[in-house]
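All remarks here apply to the structure that follows.
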Amino acid sequence: MAERGVKFTAVFNFRDLGGYRTAEGRIVQRRRLFRSDDLSRLDDADRERFAALGIRTVVDLRRPEEVAADGRIPQFDGFAYRHVHLVHPYWPPAKFADITQRERYVVERYRELSLDAADGIGEALRLIADADRAPLVFHCIAGKDRTGVVSALTLALLGVSDEVIADDYELSEVADAEYWEYRRRSEPAITAPHWAVAPRAAMLGFLEDLRSRHGSVERYAATAGVTAAHVGSMRAHLLVP
């Protein structure tokens, strides 16, 4: 996380997706694509650091009611804001006897998200594919589930291996611990979850499940309106030799 994370006052899961190597030996370009948790928590103290990233597009993946409750990113100069609602059911409450149960639960929820929110996922991927919108950051609340799925699909379309995608996904564990420490400063009685929030095996399971249902990530993306031309554009502007 330290290698690619960007520190803000109360945003803990903001990181660069650049630097990962593809199976063909190309590299995801740095400072072109970022993922994050809730950017509504940025404040004036973060303005200069955020501006230094040169962000041109912010894609907000939260529900309309979440945006209404917490607000959107402050209107710093220089970027376009896009709200892309990933329509899907609220997660049912569950208790887990062990990490395996947690992993299965997450795979099921991500499968559900990939199906119910396909239109929104497709819109987000098309925005990422548009070179004129980069540098771009996309985010939800914690930056691990909705953001994690869009990130995984993007990296897979770029040719990054599942193992590396899962490594990136697991970095949200570090950010989650920092988030709960932040919450405890204002709410001392609050307790963090006792299970892993981003179990690495869950992301591997999700990608395996998606390919078993659709044949490939590219074929899934096509069902969401992401054409071969979109994928080509994504690779052209996000990959370097």
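Values in this text are rule-based calculations from the coordinates and carry no lab data. What you are looking at is a predicted structure, and each value in this text was computed from that prediction instead of being measured. Quick reminder, even Gly has a Cβ in these numbers, built from the backbone with ideal geometry, and neighbours come from all protein chains shown.
Compactness of the range 1-101, taken as the C-alpha radius of gyration over 2.2 N^0.38 Å, stands at 1.29. Counting only DSSP beta bridges whose two residues both lie in the range 1-95, roughly 50 percent are antiparallel.
Counting only Cα atoms, the range 54-103 measures 48, 24, 17 Å along its principal axes, largest extent leading. Per residue, the chain reaches -14500 deg cm²/dmol at 222 nm when only DSSP H runs of four or more residues are counted, each adding -39500 (n - 2.57). Please return the longest stretch of the chain lacking exposed loop sites, where GluC sites (Glu not before Pro) count only if DSSP places them in a loop and at most 12 other Cβ atoms lie within 10 Å. By the stated rule (loop sites, at most 12 other Cβ atoms within 10 Å), 25-241. Considering only beta bridges that DSSP places wholly inside the chain, some 35 percent are antiparallel. Restricting the calculation to Cα atoms, the range 151-208 shows an Rg/Rh of 1.12 when the hydrodynamic-style radius is the Kirkwood one. 3J(HN,Hα) couplings calculated from phi for the range 32-40 with the Karplus curve 6.51 cos²θ - 1.76 cosθ + 1.60 (θ = phi - 60°) are, in sequence order, 10, 9, 10, 10, 7, 8, 4, 7, 5 Hz; Gly and Pro show x. Across the chain, the fraction of Cα-Cα pairs farther apart than 23 Å, rounded to a whole number, is 47%.
Pairs of Cα atoms nearer than 8 Å and 6+ residues apart set the relative contact order; for the range 30-170 it is 38 percent. For the range 89-241, what's the relative contact order in percent, using C-alpha pairs closer than 8 Å and at least 6 residues apart? With pairs under 8 Å counted, the relative contact order is 36 percent.
When the alpha carbon gyration tensor of the range 1-51 is reduced to an equivalent ellipsoid, the three semi-axes, largest first, read 25, 10, 8 Å. Hydrodynamic estimate: the Kirkwood radius of the range 112-201 over Cα pairs, inserted into Stokes-Einstein at 10 °C and 1.306 mPa s, corresponds to D of 108 µm²/s. Within a Cβ distance under 14 Å of ARG111, other residues only, what is the Lys/Arg minus Asp/Glu net charge? That sum, taken over residues with Cβ under 14 Å, equals -2.
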